[in-house]
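Written out below as structure tokens is the structure these notes cover.
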Amino acid sequence: MEPQADIAVIGLAVMGQNLILNMNDHGFTVVAFNRTVSKVDAFLANEAKGTRIIGAHSLPEMVALLKRPRRVMLMVKAGSAVDEFIEHLLPLLEPGDIIIDGGNSLFEDTIRRVKYVESKGLLYIGTGVSGGEEGARHGPSIMPGGSPAAWEHLKPIFQAIAAKVADGSPCCDWVGEGGAGHYVKMTHNGIEYGDMQLICEAYQLLKGGLGLTPDEMHPVFAEWNQGELNSYLIEITRDILAKKDDDDGAPLVDKILDTAGQKGTGKWTVMSSQELGIPITLIAEAVYSRCVSAMKDQRVAAAKVFPPSNPRFAGDRQAWVNDIRRALYASKIISYTQGYLLMRAAAQHYGWNLNYGGIALMWRGGCIIRSAFLGDIKRAFDKHPGLTNLLLDPFFKKAIKGCARSWRKVVGTAVRKGIPVPAFSTALAFFDGLRSARLPANLLQAQRDYFGAHTYERVDQPRGQFFHTNWTGTGGRVASSTYTV
């Protein structure tokens with residue numbers, strides 16, 4: 001069998017099919033395989049009809065069709081299925097061949113798999129692919145990491161099929177070794193959780209606080225999408241609010257049950273932040289807000305016991321709309337600030353050399369969090385590659401200052417009116433904590449030393465010197481060992 005395919009894709013769910021069609025559109029010959037081989041025939045007879053796409057009915061047949069170095073991309077469910085396919089592929093491939101995982105795998109699994117596959121003489125890539133079905137078909141954001149030697153063999157394909165920004169730059173570049181690609185994708189998904197929760201809170205403020213209907217909110221989000229909030233998520237929110245139910249013509253959004261699902265990447269982001277000691281409080285609140293939404297029966301019962309008071313805001317409605325927009329923008333800045341703090345800590349911990357401006361470029365198009373805002377982030381890192389905190393950049397410092405009064409007004413009024421805004425309020429709390437030169441942690445350290453002899457540092461002594469006080473007079477002079485989790 002003559003090798004003729006540039007790459008193989010295993011997994012013919014919608015993401016896999018759309019990536020294959022995208023590759024075909026850009027001149028690459030793709031061999032498609034699925035564990036249930038009848039899906040291969042169905043794909044060739046329908047979506048792939050009239051293309052150069054080749055079908056394979058076994059893994060040996062698929063491998064035989066590939067040019068060297070062979071490139072095999074897995075688009076299968078994260079977890080054990082990835083490991084199973086790796087084991088099936090290893091005996092069929094040879095040194096220098098490349099296995100690519102394009103699913104939402106946990107970055108720690110990718111770190112393990114890179115080491116394992118490289119120990120067999122092959123190369124391994126774990127790549128984030130964002131943009132959903134539409135992105136996969138017409139241009140996703142692609143975030144590859146793993147074996148550096150594999151990148152030159154994948155770069156022409158990945159950068160060709162990726163989304164492009166206005167100047168033609170592809171939303172795809174090398175992220176780093178090990179699990180860096182999947183880590184950046186995981187952080188992307190965490191920020192996505194935060195963005196969605198913030199938009200939902202703005203929607204709730206417009207609905208509950210101002211009494212706006214979906215028809216009245218539609219032009220509000222349309223206008224927001226023309227300014228600093230211009231983004232894919234604001235755009236689709238605009239469209240969702242205009243959609244009518246086919247049966248009675250009522251706004252469809254009002255008929256959707258208010259319980260949210262999640263697939264785990266937001267939770268992984270929070271868990272990693274806890275391991276690294278980085279306070280991504282907004283993403284955490286977004287994850288927990290979905291958990292609260294799932295408690296539907298309990299919420300209905302509690303609403304009867306603790307009925308809400310009048311939630312309506314007093315004053316000029318248009319002024320409130322502008323205040324909510326500014327509060328949303330300021331909170332969004334905090335969300336990305338926290339996400340970038342997390343990636344910086346992970347890079348230091350795992351030894352990755354992340355290009356933070358490049359990551360903003362990769363997210364600038366194709367992905368779910370794509371927005372004009374990411375261009376501002378890229379410019380911030382282009383000017384100051386060593387920037388440790390987005391809030392220290394002049395552009396974002398000015399933006400936060402311009403939004404602060406509205407932000408506090410919205411959060412304060414929502415609290416008084418009983419409208420839950422966990423993401424807005426935790427973003428403001430983080431900002432206030434970050435700008436406090438002195439926090440009450442001195443008292444916390446005294447408490448820890450009192451009950452557990454955990455020691456403390458002193459403001460009048462050099463950092464790194466630890467002290468213990470016998471607070472009760474009966475505790476003795478022995479202190480606990482000092483460590484930080």
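Structure above, values below:
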{"quantity": "Residue-span extension gain [ARG379 to LEU444] - 0.36 nm each, minus C-alpha spacing", "calculated": "19.5 nm"}
{"quantity": "Cβ-Cβ FRET estimate between ARG68 and ASN355, R0 fixed at 51 Å, reported to 0.05", "calculated": "0.95"}
{"quantity": "Alpha-carbon centroid distance for the pair the range 424-450 / the range 236-288, whole angstrom", "calculated": "28 Å"}
{"quantity": "Ordering of 250-261, 235-246 by packing [mean C-beta count within 10 Å, highest first]", "calculated": "235-246, 250-261"}
{"quantity": "Protection-proxy order for peptides 207-220, 101-114, 381-394, each taking the mean of Cβ atoms within 10 Å per residue, highest first", "calculated": "101-114, 207-220, 381-394"}
{"quantity": "Calculated FRET efficiency for the pair ALA45/ALA404, C-beta based, R₀ 60 Å, to 0.05", "calculated": "0.50"}
{"quantity": "Tilt relative to the chain, helix 441-452 - C-alpha long axis, 0 to 90 degrees, to 10", "calculated": "90 degrees"}
{"quantity": "Additional length obtainable on full extension of the chain from LEU252 to THR36, 0.36 nm per residue less Cα span", "calculated": "74.1 nm"}
{"quantity": "Paramagnetic reach from ASP432 in the range 297-322 [backbone N under 19 Å; point 7 Å along Cα→Cβ]", "calculated": "none"}
{"quantity": "Cα-derived Rg to Rh of the chain, Kirkwood definition", "calculated": "1.03"}
{"quantity": "Integer Hz, Karplus 6.51/-1.76/1.60 couplings in order for the range 188-203, x for Gly and Pro", "calculated": "3, 5, x, 5, 4, 4, x, 4, 5, 5, 4, 5, 5, 5, 4, 4"}
{"quantity": "The chain: relative contact order in percent, alpha carbon pairs under 8 Å with at least 6 residues between", "calculated": "12 percent"}
{"quantity": "Inter-label distance for ASP245 and TYR116, nm, one decimal - labels placed 7 Å from Cα along Cα-to-Cβ", "calculated": "4.9 nm"}
{"quantity": "Extension gain (nm, one decimal) between ALA319 and LEU92, 0.36 nm per residue minus Cα-Cα", "calculated": "75.2 nm"}
{"quantity": "Listed residue (ILE333, PHE381, VAL305) projecting farthest to the positive dipole end of the range 292-428, Cβ model", "calculated": "VAL305"}
{"quantity": "Inter-centroid distance (Cα atoms) of the range 312-364 relative to the range 119-140, Å", "calculated": "25 Å"}
{"quantity": "Crossing angle, helix 422-434 versus the chain [Cα axis fit, 0-90 degrees, rounded to tens]", "calculated": "70 degrees"}
{"quantity": "Rg over Rh, two decimals, the range 359-470 (C-alpha only, Kirkwood Rh)", "calculated": "1.12"}
{"quantity": "Net charge of Cβ neighbours under 9 Å - reference SER293; Lys, Arg +1; Asp, Glu -1", "calculated": "+2"}
{"quantity": "Cα gyration tensor shape of the range 1-93, rounded if a/c is under 1.5, else prolate or oblate by comparing a/b with b/c", "calculated": "oblate"}
{"quantity": "Ranking of MET75, MET196 by count of other Cβ atoms within 10 Å, fewest first", "calculated": "MET196, MET75"}
{"quantity": "Förster radius 41 Å - calculated FRET efficiency between ALA13 and ARG416, Cβ distance, rounded to 0.05", "calculated": "0.30"}
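Computed from the coordinates by the stated procedures, all read-outs in this text should not be read as laboratory data. Being a predicted model, the structure only gives us computed values, none of them experimental. Neighbour counts run over all protein chains shown; Cβ positions are idealised from the backbone, glycine included.
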